[in-house]
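Asks: This is the structure I have questions about; it appears just below.
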Amino acid sequence: MKKKQLLWVGLYLALILLPVVTSVLALRAAGWPLRPLWDDGAAALGMAGLAIVLLSFCLLGRAKPLSSLLGSDLLMQAHQLMGRTALVVLLLHPFFYSLWAAPAGPAEPTLSTSLRITGGSWGLFTGLLALACLLALVFTAIFRQRIGLAYERWRWIHSVLALAVLVLGVHHTLVSGRYAQLPAVAGVWALLTLLALASWLVVYALRPLMQRASSFSVSRLTRCADRIWLLEITPQGPHRLPFRAGQFVWLKIGHRWPHIDNPFSISNAPDASGKLQFLIKEAGDMTRALASCPLGTAVYVDGAHGRFDIPADAKAVTMLAGGIGIAPMVSLLADAVARQDPRPIRLLYADKCPSQMVDVLTLSGAANLPDFKLLRMVEHAPDGWGEQVGRLDADGLTRAMRDPAFGSLGNDSCHLICGPDPMMDAVETTLMRDGVPASLIVSKHFKYDFSGRSPLALRVRQGWWLTSGGLVLGLAVMLIWR
Ligand SMILES: Cc1cc2nc3c(=O)[nH]c(=O)nc-3n(C[C@H](O)[C@H](O)[C@H](O)COP(=O)(O)OP(=O)(O)OC[C@H]3O[C@@H](n4cnc5c(N)ncnc54)[C@H](O)[C@@H]3O)c2cc1C
């Protein structure tokens, strides 16, 4: 893990533990008697779980400063994986209240007294309902495709369930949480709740409202390969969208409804005209409907997000693109041309057949770079095809790297990868096996629910285990210290 990422993990952990730490400090200051260890353990799990849920609203992948610092891939992975940690922690939370042991007192134990729930049946009700909503939220996120839930419908369901967990969870904590009765702890909950609601409102209410004043319109729409469109949009006014090459935006074409937008990488370089270009592959409803979109249609943009750029200190650059993964590479190449980048750059571009490939040289002007080579690889080669044939998997990559026409730049060059998941997995695995350090591999996925098996993907999961382990350790330290 890089130093910067470790710092963010530390800050994130500190925020998750903030309600527990504040509770311990406030408890000691108030001089309240200690409860049994299991009861306080249960309370600590509940607090940490709710803090993760609230902070997940900030890990939407649309928080611009965060996504341009850490990249949207990492943010969305953190959002998904920590959602699972929250579920486990919150499912354990009621059971730690010694469900099996009757609470002290003469009365027959009820579910509320067994769970040590104060604040009446409303506290119990909202707590259980929040847990049920969280279960449904995580289940539909993991099994969306298997249960045949359309992406757009899932996004609405996900948003409604997340807001329900927030409202019900915070109510349960404030009404039933023993330590939430301490003003300092209630203040921390108010702060985290405001942060979560503000993140949600900025993305789904404020930005759609502000988009009207900074709209674009379709100025060009041309088919540039089989099922691939070049969409160009021009600002309707003097406003400009600041972006760095390789970033992406969320597009709404012809409407401003929240939750109905799609992410696309910008495929041109920033320039004074403020125009944005995209290479869009037909995949489903929205992308297929693009063909009938008239020129002049209003387009609303949320961005720019993410981070996929050539590191300033890279000595040389090797780009590995599969299918529509070429889109951000075209932007990076056009930017390199505009900046007269003297560094050697190689592009390996793979697809099923030549008719599905865009003309990279014309779109980016890369032929004007001082040291640039392009090698294409297709699975179905026509007669007379003089470039690589096959899939961009481990063998394909090894063959391409040895091809004199490619002029490999070796393991010291920075490797930028974008394409379908199996290709990215194979390429990352092969590069790392062949000795390319992880710090010289920059990947960009076009899916949020990816779960690769490459050493790079496994590192992200190791980071998750590290964060979750750090959380358990932090909670244990707090319980001993209380
Ligand atoms: C950061 C990022 C950058 C991308 N850049 C490009 C690009 O430059 N060019 C390009 O052609 N495609 C790009 N994509 C993929 C593109 O967003 C989807 O192909 C498109 O949204 C499909 O929408 P649809 O309604 O046509 O298809 P649908 O039938 O709705 O979806 C087909 C599949 O696409 C995925 N998908 C749909 N909507 C979204 C969404 N809002 N967010 C993420 N995935 C979604 C889902 O896995 C879904 O199962 C990018 C995706 C991401 C996450």
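What follows draws every value from the coordinates through simple rules; no lab data is involved. This structure is a prediction, so every number in the text was calculated from the model and none was measured. Because the Cβ atoms are built from the backbone with ideal geometry, glycine has one as well, and the counts that use them run over all protein chains shown.
Asks: Determine the distance separating the Cα centre of the stretch 151-173 from the Cα centre of the stretch 291-370; give it in Å without decimals.
Replies: 37
Asks: So if each residue of separation counts as 0.36 nm, and I subtract the Cα-Cα distance between A283 and L209, what length gain in nm does that give?
Replies: Details: separation 74, 0.36 × 74 = 26.64 nm, distance 2.84 nm.
Contour length minus the Cα-Cα distance gives 23.8 nm.
Asks: Can you give me the Cα centroid spacing of the stretch 189-259 and the stretch 421-477 in angstrom?
Replies: Here the two parts' Cα centres lie 29 Å apart.
Asks: I want to make sure I understand the PRE zone here: with the label point 7 angstrom from the Cα of L6 toward its beta carbon, which residues in the stretch 67-93 have backbone N atoms less than 19 Å away?
Replies: Counting only backbone N, you get 70.
Asks: Under a Cβ-only charge scheme (Lys and Arg +1, Asp and Glu -1), can you give me the dipole magnitude of the stretch 215-305 about the Cα centre, in debye to the nearest 20?
Replies: Details: 10 positive and 7 negative charges, 17 e Å.
Result for the stretch 215-305 is approximately 80 debye, rounded to the nearest 20.
Asks: Then there's this: Ranked from highest to lowest mean number of other Cβ atoms within 10 Å per residue, what is the order of the peptides 288-295, 472-479?
Replies: 472-479, 288-295
Asks: Mind checking which lysines have their C-alpha under 28 Å from K3, skipping anything on the same chain fewer than 8 residues away?
Replies: By straight Cα distance, K3 reaches K64, K315, K444, K447.
Asks: Still on this structure, I have one more. Ranked by Cβ crowding within 10 angstrom, fewest neighbours first, how are S217, S439 ordered?
Replies: With the fewest neighbours first, S217, S439 line up as S439, S217.
Asks: Identify the trypsin sites (Lys or Arg not before Pro) of the stretch 1-99 meeting these criteria: DSSP loop state and at most 10 other C-beta atoms within 10 Å of the C-beta. Before the final figure, lay out the partial values.
Replies: Numbers: sites: K2, K3, K4, R28, R62, R84; in loops: K2, R62.
Those that pass, being in a loop and sparsely packed, are K2.
Asks: Would you be so kind as to identify which of T287, M210, T429 lies farthest towards the positive end of the dipole of the chain, taking Lys and Arg as +1 and Asp and Glu as -1 on Cβ and the Cα centre as origin?
Replies: The listed residue farthest towards the positive side: M210.
Asks: Counting other Cβ atoms within 10 Å of each Cβ, which trypsin sites (Lys or Arg not before Pro) in the stretch 143-210 have at most 16 and sit in a DSSP loop? Provide the component values of the computation, followed by the final result.
Replies: Working: sites: R144, R146, R153, R155, R178; in loops: R144, R146, R178.
In loop regions of the stretch 143-210 (DSSP not H, G, I, E or B), the sparsely surrounded trypsin sites (Lys or Arg not before Pro) are R146.
Asks: Here is a follow-up. K352: which lysines have alpha carbons under 17 Å from its alpha carbon, excluding same-chain residues fewer than 8 sequence positions away?
Replies: Within the straight-line cut-off, K352 pairs with K281.
Asks: Assuming a ≥ b ≥ c are the square roots of the Cα gyration tensor eigenvalues, decide whether the stretch 317-450 counts as rounded (a/c under 1.5), prolate (otherwise, with a/b larger than b/c) or oblate.
Replies: Values: a/c = 1.26, a/b = 1.05, b/c = 1.20.
Rounded, because the longest to shortest axis ratio a/c is under 1.5.
Asks: With r as the distance between the Cβ atoms of C224 and D371 and R0 = 22 Å, compute the FRET efficiency 1/(1 + (r/R0)^6) and round to 0.05. Mind showing how you got there, number by number?
Replies: Values: r = 26 Å, r/R0 = 1.18.
Plugging the Cβ-Cβ distance into 1/(1 + (r/R0)^6) gives 0.25.
Asks: For the stretch 128-157, which chymotrypsin sites (Phe, Trp or Tyr not before Pro) are both in a DSSP coil and crowded by at most 12 other Cβ atoms within 10 Å?
Replies: Details: sites: F139, F143, Y151, W154, W156; in loops: F143.
In loop regions of the stretch 128-157 (DSSP not H, G, I, E or B), the sparsely surrounded chymotrypsin sites (Phe, Trp or Tyr not before Pro) are F143.
Asks: Taking 0.36 nm per residue of sequence separation and subtracting the Cα-Cα distance, how much length would be gained by fully extending the chain between A338 and F125, in nm to one decimal? List each step's numbers first, then the result.
Replies: Numbers: separation 213, 0.36 × 213 = 76.68 nm, distance 6.04 nm.
My answer for the length gained is 70.6 nm.
Asks: Still on this model: Report the full-extension gain for the segment R453 to I157: residue separation times 0.36 nm, less the Cα-Cα distance, to one decimal in nm.
Replies: Details: separation 296, 0.36 × 296 = 106.56 nm, distance 2.88 nm.
Net length gain for the segment: 103.7 nm.
Asks: Under a Cβ-only charge scheme (Lys and Arg +1, Asp and Glu -1), can you give me the dipole magnitude of the chain about the Cα centre, in debye to the nearest 20? Intermediate results must be reported in sequence, preceding the final value.
Replies: Numbers: 44 positive and 31 negative charges, 167 e Å.
So the dipole magnitude of the chain works out to roughly 800 debye.
Asks: Could you pull the Cα extents of the chain along its three principal axes, largest to smallest, in whole Å?
Replies: Computed over the Cα atoms, the extents are 90, 50, 39 Å.
Asks: Next question. Which whole-number percent is the relative contact order of the stretch 317-450 (Cα, under 8 Å, 6+ apart)?
Replies: Details: 224 pairs, mean separation 36.9, N = 134.
Across the stretch 317-450, relative contact order equals 28 percent.
Asks: Hey, with R₀ at 35 Å, roughly what FRET efficiency would D271 and C353 work out to, going by the Cβ-Cβ distance, to 0.05? Display every interim value, and only then the final one.
Replies: Values: r = 33 Å, r/R0 = 0.93.
For R0 = 35 Å, the calculated efficiency reads 0.60.
Asks: Tell me which of P33, G474, H305 sits at the most positive position along the dipole axis of the chain, charges placed on C-beta atoms (Lys, Arg +1; Asp, Glu -1).
Replies: P33
Asks: What net charge is computed for the residues neighbouring D412, neighbours being all others with C-beta under 13 Å from the C-beta of D412, Lys and Arg scored +1, Asp and Glu -1? Don't skip to the answer; put the middle values down first.
Replies: Values: positive: K315, R343, R346; negative: D313, D434.
Within the 13 Å Cβ shell, the charges total +1.
Asks: Then there is this: Please name whichever of V185, S443, L92 sits farthest to the positive end of the charge dipole of the chain, dipole taken about the Cα centre and charges placed at Cβ: Lys and Arg +1, Asp and Glu -1.
Replies: V185
Asks: Between the stretch 383-406 and the stretch 1-43, how many Å separate their Cα centres?
Replies: Between the Cα centre of the stretch 383-406 and that of the stretch 1-43, the gap is 54 Å.
Asks: Now a separate question. Starting from the Cα of L295, step 7 Å toward the Cβ, then list every residue of the stretch 264-280 with an amide N under 17 Å from that point.
Replies: Residues passing the 17 Å test: 275-278.
Asks: With a 10 Å radius around each residue's Cβ, average the other Cβ atoms per peptide and rank 169-175, 249-255, highest first. Provide the component values of the computation, followed by the final result.
Replies: Details: 169-175: 22.1, 249-255: 18.3.
In descending order of packing, they fall as 169-175, 249-255.
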